[in-house]
Amino acid sequence: MLKIVAVLVLLGAAGGGLYAYWDVLVPRANTVVAGQGSPSRLLGARVPGFYLPGLLGEGFAARDLITGRQPRLVKFWGSWSPACILEHPVLMELQASRVEVWSIVFRDTRTNALDYLERNGNPYARVAFDAAGRAASDWGVKEVPATFLVDGEGIVRWHHSGPLTPRIVASQVRPLLERYAP
């Protein structure tokens, strides 16, 4: 048992080191404009049509994102993803500051996703379940985490592939949320 704990601690430290390396030192070669999100075929387009059942409570559909109200973040995630685990504290901070994040669980099991949220806290206003990854495919998501900013009319205004960091939230997410607020 002690060996398992030691291995988990080492893996956690290695993951933290890789995350720091990725966030600070690796250039953003996949960005649209330096520091301004990741490429996506959906930028400037309406969200694709979908309806997904809920993981907790009711699910949601594309029409729920076309409200004429506040912009919101749509997050694709999985409990199995080390990058999703690393970004979770950032999502909890967004929730604490009243940023509305809707999420879509990607290629996971209900049990694992529910256990993950119970253990780590639920930063999401709504949680939909996409076990087969069909909706994710329509959004162009191949891996998680993936985050989209959708304005109040259902237009995708920003996309980020990879974990959100405090720096990305401060320099990109918050200014865009303000820009697209009614």
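The values are calculated or read from the model by the stated rules, or taken from the named source; none is laboratory data. Owing to the predicted nature of the structure, the values given are computational and were not obtained by experimental measurement. Cβ sites come from the backbone with ideal geometry, for glycine too, and all protein chains shown count toward neighbours.
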> Quick one: in segment 156-176, which of the residues that are of a type in the set (S, T, N, Q) and farther than 16 Å from Phe76 by Cβ is surrounded by the fewest Cβ atoms within 10 Å (Cβ to Cβ)?
Replying inline: Ser171
> For residues in segment 46-58 being at pLDDT 90 or above and among the small types (Gly, Ala, Ser), which is surrounded by the fewest Cβ atoms within 10 Å (Cβ to Cβ)?
Replying inline: Gly49
> Applying the selection to segment 134-177, what residues are of a type in the set (S, T, N, Q) and in a helix (DSSP H, G or I)?
Replying inline: Ser137, Ser171, Gln172
> Are any of the residues in segment 92-113 within 23 Å of Ala45 (Cβ to Cβ) and surrounded by fewer than 14 Cβ atoms within 10 Å (Cβ to Cβ)?
Replying inline: no
>> Take Arg41 and tell me if it is surrounded by fewer than 14 Cβ atoms within 10 Å (Cβ to Cβ), in the same structural domain as Asp130 (by TED's automatic domain parsing) and in a loop (DSSP other than H, G, I, E, B).
In response: yes
>> List the residue pairs whose Cβ atoms are under 6 Å apart, where the first residue sits in segment 106-134 and is in the same structural domain as Gly54 (by TED's automatic domain parsing) and closer than 14 Å to His88 by Cα, the second is outside any strand (DSSP E or B) and not polar (S, T, N, Q), and the two are 6 or more positions apart or on different chains.
In response: Asn120/His88; Gly121/Met92; Pro123/Leu91; Pro123/Met92
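Only residues that are polar (S, T, N, Q) and touching a Leu at 6+ places or on another chain (Cβ under 7 Å): list them for segment 146-174, please. Explain how you work it out, then say what you get.
In the first step, residues of segment 146-174 are kept if they are polar (S, T, N, Q); the result is 147, 161, 165, 171-172.
Listed by number, the list holds a single entry, Thr147.
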> Checking Arg69 against (1) touching a strand residue (DSSP E or B) at 6+ places or on another chain (Cβ under 9 Å); (2) at pLDDT below 95, which single condition isn't satisfied?
Replying inline: (1)
> Do you know which of the residues in segment 142-155 that are surrounded by fewer than 21 Cβ atoms within 10 Å (Cβ to Cβ) and in contact with a Ser or Thr (Cβ under 9 Å, 6 or more places away or on another chain) is nearest to His88 (Cα to Cα)?
Replying inline: Glu143
